[in-house]
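Undergrad: The structure's right below; bear with me while I get my questions together.
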Amino acid sequence: MARRTISTRIAIDNEAEYRRALTNINSELRKLKSELKATESEFKENANSIEALTAKQRALKAVQSELTAKVKAAESGQKNAQKAVDAYEKAVADLNSELAENKQALEELDRSSEDAAEQEEKLTKEADKLNKELKEKEAALDAAKRGLNNWETTVNNAQAELNDFNREVEK
């Protein structure tokens, strides 16, 4: 019975890269919002002048652009997490299939009248190995699903932040 072994490294590949991108975007957003606040403060006495409105519009567009980038980055992370969940679900299904085949082979061996202690030992060891790998994959799948839930929350929060900002700008 030929098998290929899949080892788990982390639940979601490249998650740190996506998180780092979001961290950088959040840092940029804080800076841009502080620039907007400084612009509003600078023109407080003359808030409706062309110069004030132009500066504020420029700052608002920069914040809006960065919020849009945040939503896109979160969606990319979410898609990556979904791929990981899909891969782990397939690995779990494949292992369950292999375990079923192994169990069937053991049952057939039990029904045969031949002395098959060596074959039975081999199949039992294979079943133990498959069960261990299945538990590892199921744990990784659970972790990947939690990661996906976190990414979905991040996407929803980023979208809500963008929506709130756009409503503020329209006022």
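Undergrad: Which of the residues belonging to the stretch 147-160 are touching a residue at least 24 places away in the same chain (Cβ under 8 Å), open to solvent by less than 50 Å² (accessible area, probe 1.4 Å) and of a type outside the set (V, I, T)?
TA: Those that are touching a residue at least 24 places away in the same chain (Cβ under 8 Å), open to solvent by less than 50 Å² (accessible area, probe 1.4 Å) and of a type outside the set (V, I, T): G147, L148, W151, A158.
Undergrad: When you check K132 against the structure, is it in contact (Cβ under 8 Å) with a residue 60 or more places away in the chain and within 31 Å of the chain's Cα centre (by Cα), yes or no?
TA: Working: in contact (Cβ under 8 Å) with a residue 60 or more places away in the chain: no; within 31 Å of the chain's Cα centre (by Cα): yes.
In short, no.
Undergrad: What's the total number of residues in the stretch 52-76 that are charged (D, E, K, R), buried (at least 17 other Cβ atoms within 10 Å of the Cβ) and farther than 13 Å from Q159 by Cα?
TA: 1
Undergrad: What about A73, is it closer than 30 Å to T54 by Cα and either touching a Phe, Trp or Tyr at 6+ places or on another chain (Cβ under 9 Å) or at pLDDT 95 or above (or both)? Can you show your working first?
TA: Numbers: closer than 30 Å to T54 by Cα: yes; either touching a Phe, Trp or Tyr at 6+ places or on another chain (Cβ under 9 Å) or at pLDDT 95 or above (or both): yes.
In short, yes.
Undergrad: Just for the stretch 1-45: of the residues that are small (G, A, S) and either at pLDDT 80 or above or surrounded by 11 or more Cβ atoms within 10 Å (Cβ to Cβ) (or both), which one is farthest from S97 (Cα to Cα)?
TA: Taking the stretch 1-45 as the starting set, the residues that turn out to be small (G, A, S) are 2, 7, 11, 16, 21, 27, 34, 38, 41.
Still in the running and either at pLDDT 80 or above or surrounded by 11 or more Cβ atoms within 10 Å (Cβ to Cβ) (or both): 11, 16, 21, 27, 34, 38, 41.
Values: A11: 22, A16: 32, A21: 39, S27: 47, S34: 57, A38: 62, S41: 66 Å.
Looking at residues that are small (G, A, S) and either at pLDDT 80 or above or surrounded by 11 or more Cβ atoms within 10 Å (Cβ to Cβ) (or both), I get S41.
Undergrad: While we're on this one: From the set of residues in the stretch 94-118 that are in contact with a helix residue (DSSP H, G or I) (Cβ under 6 Å, 6 or more places away or on another chain) and outside any loop (DSSP other than H, G, I, E, B), which is modelled with the lowest pLDDT? Lay out the reasoning, then the answer.
TA: Pass one, the stretch 94-118, residues in contact with a helix residue (DSSP H, G or I) (Cβ under 6 Å, 6 or more places away or on another chain): 95, 98-99, 102, 105-106, 109, 116.
So of that shortlist, the ones also outside any loop (DSSP other than H, G, I, E, B) come out as 95, 98-99, 102, 105-106, 109.
Values: L95: 95, E98: 94, L99: 94, N102: 91, A105: 87, L106: 84, L109: 80.
Taking the candidates together, the pick is L109.
The values are calculated or read from the model by the stated rules, or taken from the named source; none is laboratory data. Bear in mind the structure is a predicted one, so any value in this text is a computation, not a measurement. No Cβ is skipped: glycine too gets one built from the backbone with ideal geometry, and neighbour counts run over all protein chains shown. To get the accessible areas, we keep the full protein, side chains included, count just its heavy atoms, and leave off ligands, DNA and RNA. Shrake-Rupley method; radii C 1.70, N 1.55, O 1.52, S 1.80 Å.
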